[in-house]
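The values are calculated or read from the model by the stated rules, or taken from the named source; none is laboratory data. Worth saying up front: this structure is predicted, and the values here are computed from it rather than measured. Cβ placement follows ideal geometry from the backbone for every residue including glycine, while neighbour counts extend to all protein chains displayed. For accessibility, only protein heavy atoms count, side chains too; no ligands or nucleic acids. Shrake-Rupley method; radii C 1.70, N 1.55, O 1.52, S 1.80 Å.
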Amino acid sequence: EGEVQPEGNFVKWTTATEQSNDYFILMGSETGNGEWREVTTVDGAGNSTSMLHYNYLDVDADFGITYYRLETVEFDGTRKIASHVIALERFKPAFEFTDVYPVPTTNLVNAEFLSNRDSGTVMYKVIDAAGKIVYQSEQFVEEGENLIQIDMTNMAAGAYFLSLTDGVQIINTKIIKK
C-alpha cells in the first residue's frame, strides 16, 4: 500500500514471515505493464516468523501516476514478484498564493506562491483601492514554491491588491500598507 505525500510517494509493506529473504526490490513504472525500473532495494530479514514492517519514500516520483510492485530476492539469487501492483498519482501544485507577509506591512511584502508550470515568467501588479496600477513587474519562476518581494516603502498607507498571472491563470490577494 502507499500514499502520496508532499515530499514524495510513501510505499509500505508488511511481511508475516520471511524465508531466505535477502532483500526487496521496489519497482516503479509509468505504464504499469512491462516497463519496470528499480526504485530502491531494502534489506530483508532473512528468516523470520514475526510480522515485520517496511517502507520507502520515493522522493524522485514524478507528477502523474507511478505504479509500484515489490520483488523479493532470496539468498540464492531467485527473484519473485511479491506484491500486487499499486498506483499512486501525484498532482502538480496549483497556481495559488501560499503565504503573504507581513500584513500589514510598512515596507517589504513577501508573496509566496505555487506555480504548476515547468518554468517561465509571471507578471504581477500592485493595484490601489481606486483600481490604479501603482507597480508592476515580472519575474522568472519555476514549478513549485516561488517568492516575490515587493518594496512598498514609497506607497501610501491603505489597501492594495496583488494580482499575479502566468499568462493562463490569474490569482489575487489583498495587501495592507501601514
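In region 20-33, which residue that is more than 19 Å from the chain's Cα centre (by Cα) and surrounded by 14 or more Cβ atoms within 10 Å (Cβ to Cβ) is nearest to residue 47 (Cα to Cα)?
Restricting attention to region 20-33, the residues satisfying the condition of being more than 19 Å from the chain's Cα centre (by Cα) are 20-27, 31-33.
Pick out the ones that are also surrounded by 14 or more Cβ atoms within 10 Å (Cβ to Cβ) and you get 21-27, 32.
On the way: 21: 7, 22: 9, 23: 11, 24: 13, 25: 17, 26: 20, 27: 23, 32: 30 Å.
Per the stated criteria, the residue is 21.
Restricting to region 5-23, count the residues that are within 28 Å of residue 91 (Cβ to Cβ) and at pLDDT 95 or above.
Total satisfying the criteria: 6.
Inspect all residues belonging to region 8-19 and state whether any of them is under 23 Å from residue 116 (Cα atoms), out of contact with any helix residue (DSSP H, G or I) (no Cβ under 6 Å at 6 or more places or on another chain) and open to solvent by 30 Å² or more (accessible area, probe 1.4 Å).
Yes, region 8-19 contains at least one residue that is under 23 Å from residue 116 (Cα atoms), out of contact with any helix residue (DSSP H, G or I) (no Cβ under 6 Å at 6 or more places or on another chain) and open to solvent by 30 Å² or more (accessible area, probe 1.4 Å).
Being of a type in the set (Phe, Trp, Tyr) and closer than 14 Å to residue 171 by Cβ narrows it down to one of 63, 97, 75, so name that one.
Working: 63 fails: closer than 14 Å to residue 171 by Cβ; 75 fails: closer than 14 Å to residue 171 by Cβ.
Of 63, 97, 75, the one residue that is of a type in the set (Phe, Trp, Tyr) and closer than 14 Å to residue 171 by Cβ is 97.
Would you confirm, using the coordinates I've provided, whether residue 116 is under 22 Å from residue 91 (Cα atoms), of a type outside the set (Lys, Arg) and surrounded by 17 or more Cβ atoms within 10 Å (Cβ to Cβ)?
Here the answer is no, as residue 116 does not meet what is asked.
Restricting attention to region 66-84, which residues are open to solvent by less than 70 Å² (accessible area, probe 1.4 Å) and of a type in the set (Val, Ile, Thr)?
66, 72, 73, 78
Say whether the condition of being at pLDDT below 95 and open to solvent by 70 Å² or more (accessible area, probe 1.4 Å) is met by at least one residue in region 35-50.
Checking region 35-50: at least one residue is at pLDDT below 95 and open to solvent by 70 Å² or more (accessible area, probe 1.4 Å).
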